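Peer 1: Starting off with a structure, shown below.
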């Protein structure tokens, strides 16, 4: 079999057993757990996950590696392989979430070129995930983990943070992969946020964020004015929360953005006027 990575799919296979062991241990997989693995590739994590006694559903887009995994583990009752592009699949149907009330754990060494859209995709599983343990490019991880007043903070930070809280795991050097990437990777852990009646409506929250971060060096009030509210009114609204009138989007914590989106939504078009 051709063991070369497919560059178009962003493949860098984890070949370091010590790092694979550490990732599975960090994920806290136990016997009987329902586990979703995205992008198993050569199966370094797959083998270790199955050794825990979990029930594993793996999604692999590359037919070469899907065939290899099928020949290696296809006879196991606890293993199910889905050959396809996770971005095109209905994950809720795939995991039979309507009929099965159990919660899942996600484990994935995500391809660099589609890591972000995959993370957005699995957001639909928020209420049905117990946890997620994913490996991504360190630069992407730092953006996800960033807090206020950090130049790494941005749209990705808050959009994923709407659904999950994230914890820093550990870094993985290029030499742990084949072929070695040009960047360092990081394992992070994601845990669904508990139900929150004060969380703003998601599509409007996204609109607010997109406007807020549209021009990062501009003041927040100037950026949000593009949505139809006046700058003076937005500045007075920020003052109600104790947020400086010259604040930029990167200065706000996620809870402050939650509050801001709720206030903008609740006060409605009538308040979009010059003060």
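Let's see how each residue does on (1) more than 20 Å from residue 126 (Cβ to Cβ); (2) surrounded by 18 or more Cβ atoms within 10 Å (Cβ to Cβ); (3) in contact with a strand residue (DSSP E or B) (Cβ under 8 Å, 6 or more places away or on another chain):
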{"residue": "176", "(1), (2), (3)": "yes, yes, yes"}
{"residue": "190", "(1), (2), (3)": "no, yes, yes"}
{"residue": "198", "(1), (2), (3)": "no, no, no"}
{"residue": "201", "(1), (2), (3)": "no, no, no"}
{"residue": "206", "(1), (2), (3)": "no, no, no"}
{"residue": "210", "(1), (2), (3)": "yes, no, no"}
{"residue": "215", "(1), (2), (3)": "yes, no, no"}
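Peer 1: Out of the helices (runs of 4 or more DSSP H) lying entirely within the range 154-265, which hold 1 or more residues that are more than 17 Å from the chain's Cα centre (by Cα)? Step through it out loud before you land on a result.
Peer 2: Details: elements: 155-161, 202-212, 220-224, 231-240.
In the range 154-265, the matching helices (runs of 4 or more DSSP H) lie at 202-212, 220-224, 231-240.
Peer 1: Being part of a loop (DSSP other than H, G, I, E, B) and more than 23 Å from the chain's Cα centre (by Cα) is the filter here, so list the residues in the range 45-69 that pass it.
Peer 2: The initial filter retains those residues of the range 45-69 that are part of a loop (DSSP other than H, G, I, E, B), namely 52-54, 61-62.
Hits for the range 45-69 are 52, 53.
Peer 1: Let me ask you something else. Pull up the range 89-121, narrow it to residues that are part of a helix (DSSP H, G or I) and in contact with a strand residue (DSSP E or B) (Cβ under 6 Å, 6 or more places away or on another chain), then point me to the one that is surrounded by the most Cβ atoms within 10 Å (Cβ to Cβ). If you could, list the steps in order and put the result at the bottom.
Peer 2: Just the residues of the range 89-121 that are part of a helix (DSSP H, G or I), to begin with: 91-94, 112-121.
Within this subset, residues satisfying the condition of being in contact with a strand residue (DSSP E or B) (Cβ under 6 Å, 6 or more places away or on another chain) are 112, 115.
Numbers: 112: 18, 115: 23.
By that ranking, first place goes to 115.
Peer 1: Please state which one of 198, 155, 220 is within 22 Å of residue 261 (Cβ to Cβ) and at pLDDT 95 or above. Reasoning before the result, please.
Peer 2: On the way: 198 fails: at pLDDT 95 or above; 155 fails: at pLDDT 95 or above.
Of 198, 155, 220, the one residue that is within 22 Å of residue 261 (Cβ to Cβ) and at pLDDT 95 or above is 220.
Peer 1: Ok, one more. Could you count how many residues in the range 144-161 are over 21 Å from residue 27 (Cα atoms) and surrounded by 20 or more Cβ atoms within 10 Å (Cβ to Cβ)? Let's see the steps before the verdict.
Peer 2: As a first pass, look at the range 144-161 and keep what is over 21 Å from residue 27 (Cα atoms): 146-159.
Those left that are additionally surrounded by 20 or more Cβ atoms within 10 Å (Cβ to Cβ): 153, 157-158.
The number of residues fulfilling the criteria is 3.
Peer 1: Can you name the number of the only condition in (1) in a helix (DSSP H, G or I); (2) over 23 Å from residue 199 (Cβ atoms); (3) at pLDDT below 95 that residue 139 fails?
Peer 2: (3)
Peer 1: Scanning for something under 30 Å from residue 42 (Cα atoms) and either at pLDDT below 95 or surrounded by 14 or more Cβ atoms within 10 Å (Cβ to Cβ) (or both), does the range 231-243 turn up at least one residue?
Peer 2: In the first step, residues of the range 231-243 are kept if they are under 30 Å from residue 42 (Cα atoms); the result is none.
The answer is no, given that none of the residues of the range 231-243 is under 30 Å from residue 42 (Cα atoms) and either at pLDDT below 95 or surrounded by 14 or more Cβ atoms within 10 Å (Cβ to Cβ) (or both).
The values are calculated or read from the model by the stated rules, or taken from the named source; none is laboratory data. None of the values given here were measured: they were computed from a predicted structure. As a convention, Cβ positions derive from the backbone with ideal geometry for all residues, glycine included, and neighbour counts pool all protein chains shown.
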